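The values are calculated or read from the model by the stated rules, or taken from the named source; none is laboratory data. Just so you know, these numbers come straight off a predicted model, no measurement behind them. Cβ coordinates were reconstructed from backbone atoms using ideal geometry, including for glycine residues, and neighbour counts include every protein chain displayed. Side chains are part of the model used for accessible areas, which takes the heavy atoms of the whole protein and leaves out ligands, DNA and RNA. Shrake-Rupley method; radii C 1.70, N 1.55, O 1.52, S 1.80 Å.
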Amino acid sequence: MIDFQNVRKSYDDTKVLKGINLNIKDGEFAVLIGPSGCGKTTTLKTINRLIEPDSGKIYIDGQDISTFDPVKLRRSVGYVIQQIGLFPNMTVEENIGIVPKLLKYEEKEIDKIVHEMLEIAEMDYDEYAHKYPYEMSGGQQQRVGVLRALAASPPIVLMDEPFGALDPVTRTTLQNEIVELQKKLKKTIVFVTHDMDEAIKIADNIVFMDEGEIIQVASPEEMLTNPKNDLIRSFMGDRSSDIENQPQVVDDFMYTNISTAYPDYSFKKAIGLMARKKVDTLIVKDRDETFLGVVMIKDINHKLKSGEKSTIGSLIRTDIPTAYSNTNAEESFNELMESEYDYIVVLRANNTLAGIVTQTNIAKSLANAVWGE
Amino acid sequence: MTIDMITTHLLLVFFSVLLTIIFGVPLGVVAYIFPKARKIILKVVEVLQTVPALALLGVIMVFLGPDRATVIIGLFAYSLLPVVLNTYTGLVEVDPAVKEAAKGIGMTKINRLFLVELPLALPLIFSGVRLAIVTSVGVAVFGAFVGGGGLGSVIYESIRVSNMKLLLQSTAVLIVMAVGFDFVMSKIEKQMNKKLTGNSVD
Ligand SMILES: Nc1ncnc2c1ncn2[C@@H]1O[C@H](COP(=O)(O)OP(=O)(O)OP(=O)(O)O)[C@@H](O)[C@H]1O
Ligand SMILES: [Mg+2]
């Protein structure tokens, strides 16, 4: 738990923090937001003592952090910044392993951690471990930046506009990843942004600041429905009306005439079906319509070559992206663009199959939007 | 002109530049870390270089006598500026985001210096050493006047007896030395930059 008690900070005559009181619980995803210069970064940096308050106290798990050795404190709190700040003289592996190395972990242990970390981000060790930062895209660099912050398993991670400099598609992907990660690893995350979409998407609680003060702390829904003042209302834009005016969902783009199969189909039967329908994948479902996964023709051919005869049940791939029919369309599209498959499977709330959204669907809808139906 | 003289010349340059590195890099680091020492250090090395080389050697000779040590120390003092300045500049110019990250993840000042800042400043420091070497090759010629030997004595001698051929030969050797060092070290410097940033220009 992080507890701010009346934290103040001034530069010369300018009061930058005017008595911050804030409580962030273990495992909470807290997002600081507010106009430029309102003190978000300053607040964040007081947590790892890159900035020392003039007065007031900050407690982590009940202990006053001003009594800690700042270097030790920082090694136990992850830190990610907008400019990424990977060390250009170190490989990805060395960047990720740096905090464990500072903490004098054994070589073997560090090696294990680096492997684990890359796995979390689904980055192939052999492909990435020995790359230098300049050899990667901004999105990949920031993934490594996040992994570097997580490597020594800090319970708290501070992130200052970590995705602010990335292109929108990469940003969406990384937002999804960080939300997943937080669910899995149960970190306490303090995240600064000035993008309300981002805050609404990822926050458990949004902390709205203005001119060095906290104006409102609330869940995204609460802040949408009950913004405390006009400034917050204007930050929310016309999203409040979005609640009635639902944004487009994948349902609107879905393609329902799809080729399906049951897991007990023989290889031969499945291939015959694929040939007739001119497709290279089949969507596999249970008798009760529950979605199971997909089978690909190359997997079947592979097995046939080795002379195996069996049912397609053993070849089901479950890593295809899925979305529920009421998922925001934009989000699913971004996921689809990043995916190696060329479609997304759309499910109903009870996990039964509803349809698919293909890249062609998207292209068509975009064309319609641009040139009319 | 003998091989011996060329070797002597190279040794004079070698030992003086070795001293320059041994003292110059730490001085640059001190200038970077301690703002109070910065002005003094940078001023002193700058003044050292503005003193005419011959005068500097003369002054040192008063204390040490005409000797190779005099030449080496003179060259050392004369070539400090590029190494100190480049070390200092290289450290100052490390990307602030990288410095902030280094501090934020829990590196001590010493950690930051040795794990991040010096490695990143290395190409620029190397460039300073290159300048020091190239300058020293030329300035070492004056060593002949204070008992240093080397190619300076050949040039001095050939002027004295008006031996044009010898004068040209020894000058050519000097030029080849300077240009050669410059060429090879520039190549290495480019490689260093490439390893850090992916481009060789900078
Ligand atoms: N070192 C400093 N010296 C003087 N003023 C400073 C210093 N650091 C920050 N400030 C001022 O403090 C205020 C708050 O800065 P802070 O960086 O916390 O804002 P922020 O909310 O993170 O803004 P942004 O969204 O632009 O990042 C700003 O007005 C800034 O100009
Ligand atoms: Mg900021």
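Before moving on, here are some points about what is shown:
- A:LYS101 vs. criteria over 26 Å from the mean Cα position of the chain (by Cα), open to solvent by 40 Å² or more (accessible area, probe 1.4 Å) and within 14 Å of chain B (Cβ to nearest Cβ): yes
- Residues in segment B:12-28 that are touching a residue at least 12 places away in the same chain (Cβ under 8 Å) and either open to solvent by 20 Å² or more (accessible area, probe 1.4 Å) or among the aromatic types (Phe, Trp, Tyr) (or both): B:PHE15, B:LEU19, B:ILE21, B:PHE23, B:VAL25, B:LEU27.
- Once segment A:213-235 is narrowed to residues that are away from ligand 1 (no atom under 16 Å from the Cβ) and of a type in the set (Asp, Glu), the residue that is least open to solvent (accessible area, probe 1.4 Å) is A:GLU222.
- Residues that are within 14 Å of another protein chain (Cβ to nearest Cβ) and either at negative phi or β-branched (Val, Ile, Thr) (or both) within segment B:153-201 comprise B:GLN191, B:MET192, B:ASN193, B:LYS194, B:LYS195, B:LEU196, B:THR197, B:ASN199, B:SER200, B:VAL201, listed in sequence order.
Residue-wise test of (1) more than 17 Å from A:GLN63 (Cα to Cα); (2) more than 11 Å from ligand 2 (Cβ to nearest atom); (3) open to solvent by less than 10 Å² (accessible area, probe 1.4 Å).
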| position | (1), (2), (3) |
| --- | --- |
| A:MET1 | no, yes, no |
| A:GLN5 | no, yes, no |
| A:LYS9 | yes, yes, no |
| A:LEU17 | yes, yes, yes |
| A:ILE20 | yes, yes, yes |
| A:PHE29 | yes, yes, yes |
| A:LEU32 | yes, no, yes |
| A:SER36 | yes, no, no |
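- Residue within segment A:82-94 that is within 28 Å of the chain's Cα centre (by Cα) and within 15 Å of ligand 1 (Cβ to nearest atom) present: yes
- Residues satisfying the stated conditions in segment A:66-87, i.e. facing chain B (nearest Cβ under 8 Å) and more than 20 Å from A:ASP160 (Cβ to Cβ): A:LYS72
- Any chance B:GLY106 is in contact with a helix residue (DSSP H, G or I) (Cβ under 8 Å, 6 or more places away or on another chain), outside any helix (DSSP H, G or I) and open to solvent by 10 Å² or more (accessible area, probe 1.4 Å): no
- Residue in segment A:306-322 that is surrounded by the most Cβ atoms within 10 Å (Cβ to Cβ), counting only those that are of a type outside the set (Ser, Thr, Tyr) and modelled with pLDDT of 85 or more: A:ILE312
- If you go through segment A:167-192 and pick out every residue that is of a type outside the set (Val, Ile, Thr) and within 16 Å of ligand 2 (Cβ to nearest atom), you end up with 1.
- Members of segment B:144-181 found to be closer than 25 Å to B:LEU64 by Cβ, touching a residue at least 24 places away in the same chain (Cβ under 8 Å), open to solvent by 30 Å² or more (accessible area, probe 1.4 Å) and part of a helix (DSSP H, G or I), listed by number: B:PHE145, B:SER153
- Residue satisfying all of: in segment A:54-65; away from chain B (no Cβ under 14 Å) and open to solvent by less than 40 Å² (accessible area, probe 1.4 Å); farthest from ligand 2 (Cβ to nearest atom) among these: A:ASP64
- Any hit, segment A:62-85, residues being part of a strand (DSSP E or B), more than 30 Å from B:LEU120 (Cβ to Cβ) and touching a Phe, Trp or Tyr at 6+ places or on another chain (Cβ under 9 Å): no
- Matching helices (runs of 4 or more DSSP H) fully within segment B:1-83 where at least 3 residues are closer than 23 Å to B:ASP182 by Cβ: B:3-33, B:35-50
- Among the candidates A:GLY39, A:GLY34, residue that is touching a Gly at 6+ places or on another chain (Cβ under 7 Å) and within 16 Å of ligand 1 (Cβ to nearest atom): A:GLY39
- Verdict on A:LYS108 being within 14 Å of chain B (Cβ to nearest Cβ) and open to solvent by 50 Å² or more (accessible area, probe 1.4 Å): no
- The residues on offer are A:ASP204, A:ASP210, A:ASP160, and the sole one that is more than 14 Å from chain B (Cβ to nearest Cβ) and within 16 Å of ligand 1 (Cβ to nearest atom) is A:ASP210.
- Any chance A:LYS9 is within 11 Å of ligand 1 (Cβ to nearest atom) and touching a Ser or Thr at 6+ places or on another chain (Cβ under 7 Å): yes
- Complete set of residues in segment A:266-305 that are surrounded by 13 or more Cβ atoms within 10 Å (Cβ to Cβ), touching a residue at least 24 places away in the same chain (Cβ under 8 Å) and assigned to a loop (DSSP other than H, G, I, E, B): A:ASP286, A:GLU289
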